[in-house]
Amino acid sequence: MSHSPSLPDRPRLDLDPDMSDAERLDAMRKHYARIVQVNDELDERLREADDRRDGLQEEVDHLKRRNEILKTSSLYIASVEEVTDDGVVIKQHGNNQEVLTEVSPQLQDDLEPGDRVAINDSFAVQRLLDDETDARAQAMEVDESPEVRYEDIGGIDEQVREVREAVEDPLVNPGQFETVGVEPPSGVLLHGPPGTGKTMLAKAVANETDATFIKMAGSELVRKFIGEGSRLVRDLFELASEREPAVIFIDEIDAVAAKRTDSKTSGDAEVQRTMMQLLSEMDGFEDRGEIRIIAATNRFDMLDEAILRPGRFDRLIEVPKPGVEGRTQILRIHTQDMNVADDLDFEELAEELDDYSGADLASLTTEAGMYAIRDERTEVTQEDFEQAREKMEAAEESSDRSARSYQY
Ligand SMILES: Nc1ncnc2c1ncn2[C@@H]1O[C@H](COP(=O)(O)OP(=O)(O)OP(=O)(O)O)[C@@H](O)[C@H]1O
């Protein structure tokens, strides 16, 4: 940047007492001429300064406008990975791109790894997002179009039919319920052992009805978001109405809706508040529009009856572990994209897999595939499945043992 030369000195009039009048007059004339000259110079500088001020003002206006645009245009979400002297390493959500970016010193002091920030398209951090946005995003899994289809679910055809009737029909054909004069069920509760396909069922209905799938896990509400449970439940229903048609899926609902116990710990009071919020959301949901609610639990026996009253979770569907036929079907589904030996006998395999859940069968299939890969074969054989089964059962036994030793 060029620096402007300093201002001209103020002219001084030096009069010597010994000067003649003529000399004095001459000195004063020169002085006068000098003053006029300095005055002109200053005038010129003033004009220059005015011009520069106008130029700068224009720049200010331009920056102000750009700032406005930046403030109003969309920002992206990223997480802070590392705060260094050279800037901040952020990871953009969605594409996981890692970028080293500069941050204003005053914002840099506020940033810590793990924080969520809003960035613009040049990756400059615009602001730190508050916890509220954070918890809401973390506590809910939102899937605009889950990929699960009914055909992917094996061995629970009757349950699929019931869920479709209770959730899909009212979404797709609400008029039919009105004409017949029946209220569709308010909420559907899926109960049964872990890994039997409850989440899959909820996702499949959302997929087949083109609804947004929004999941919240009860256990996380009480473990991770202490003190925020009831607000998050309110947010959950709010989000669903913004995104309808939507399927709300509350997994492990027992964590927030267990029978009242005698203990009066503050933790319990908090859980209680969360459950009350859930009940009031469901009760106030008369005109539910295109939102359906599905909950799941492995601990049906623990549930508070309040949540099972009419108008709340009033359709109960048990999702059991599959029988031998179901297991055969699930094995077939999970080996669909696998290169299996022609002589592999799924029925015979399924016979031996008593007590396996759908999730166990999915892991067994992957494990069997791993044996083939380890042996550098391209085909998965019955023997691979046998070995996988032995491995899984041995692992289960040892985890049972460690669970026991942990307990006592
Ligand atoms: N009936 C089924 N048919 C096909 N695959 C299944 C079935 N049940 C479970 N699986 C497999 O197990 C995985 C886990 O199932 P899912 O999450 O639906 O079980 P869940 O009943 O919701 O379990 P949890 O109670 O532990 O939440 C699925 O992604 C799928 O690979």
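The table for this structure:
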| quantity | calculated |
| --- | --- |
| Cross-link partners of K259 among aspartates and glutamates (Cα-Cα below 16 Å; sequence separation of 8 or more within a chain) | D268, E270, D301, D304, E305 |
| Spread of Cα-to-Cα distances over 5 Å intervals beginning at zero, given as percent, for the stretch 161-310 | 2, 9, 19, 22, 21, 14, 7, 3, 1, 0 |
| Square roots of 5 times each gyration tensor eigenvalue, C-alpha, the chain, largest first, Å | 74, 29, 22 |
| Label-to-label distance, nm, for residues given as F177 and D283 (7 Å Cα→Cβ offset) | 2.0 nm |
| Accessible area of the chain belonging to carbon and sulfur atoms, whole % at 1.4 Å probe | 46 percent |
| J(HN,Hα) series, the stretch 209-217, from Karplus relation 6.51 cos²θ - 1.76 cosθ + 1.60, nearest Hz, glycine and proline x | 9, 6, 9, 6, 9, 10, 10, 9, 9 |
| Cβ-Cβ FRET estimate between E347 and K391, R0 fixed at 25 Å, reported to 0.05 | 0.70 |
| Spacing of the two label points (7 Å from each Cα toward its C-beta) at R149 and E68, in nm | 5.1 nm |
| Modelled FRET efficiency - R0 51 Å, E318 with V99, Cβ distances, 0.05 increments | 0.55 |
| Segment L128-F300, extension gain: residue separation times 0.36 nm, minus the distance between their alpha carbons | 57.8 nm |
| Where a label projected 7 Å from the Cα of D157 along Cα→Cβ would reach, residues of the stretch 294-330 with amide N under 14 Å | 323-330 |
| D21 versus E325: modelled label distance in nm, points set 7 Å from Cα along the beta carbon direction | 13.8 nm |
| Whole-number accessible area per residue in Å² for the stretch 324-407, which is evaluated in the context of all protein chains at 1.4 Å | 62 Å² |
| By average C-beta atoms within 10 angstrom, highest first, the peptides 309-318, 244-253 | 244-253, 309-318 |
| The chain: most fluctuating residue of A258, A359, A394 per GNM, C-alpha cutoff 10 Å | A394 |
| Spatially proximal lysines relative to K321 (Cα-Cα < 18 Å; intrachain offsets below 8 disregarded) | K198 |
| Length gained when the stretch D109-E81 is fully extended (0.36 nm per residue, less Cα-Cα span) | 8.6 nm |
| The stretch 324-407 - convex hull of the alpha-carbon atoms, volume per residue in Å³ | 92 Å³ |
| Relative contact order (%) - the chain, alpha-carbon pairs under 8 angstrom, separation at least six | 13 percent |
| Computed over the stretch 324-407: relative contact order in percent, which uses C-alpha pairs under 8 Å that are six or more apart | 30 percent |
| Gain in span if fully extended, T366 to L46, counting 0.36 nm per residue against the direct Cα distance | 107.0 nm |
| Neighbour-limited loop hits for GluC sites (Glu not before Pro), the stretch 103-187 (at most 14 other Cβ within 10 Å; DSSP other than H, G, I, E, B) | E144, E147 |
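The values are calculated or read from the model by the stated rules, or taken from the named source; none is laboratory data. All values reported here derive from a predicted model rather than from experimental measurement. Cβ sites come from the backbone with ideal geometry, for glycine too, and all protein chains shown count toward neighbours. For accessibility, only protein heavy atoms count, side chains too; no ligands or nucleic acids. Shrake-Rupley method; radii C 1.70, N 1.55, O 1.52, S 1.80 Å.
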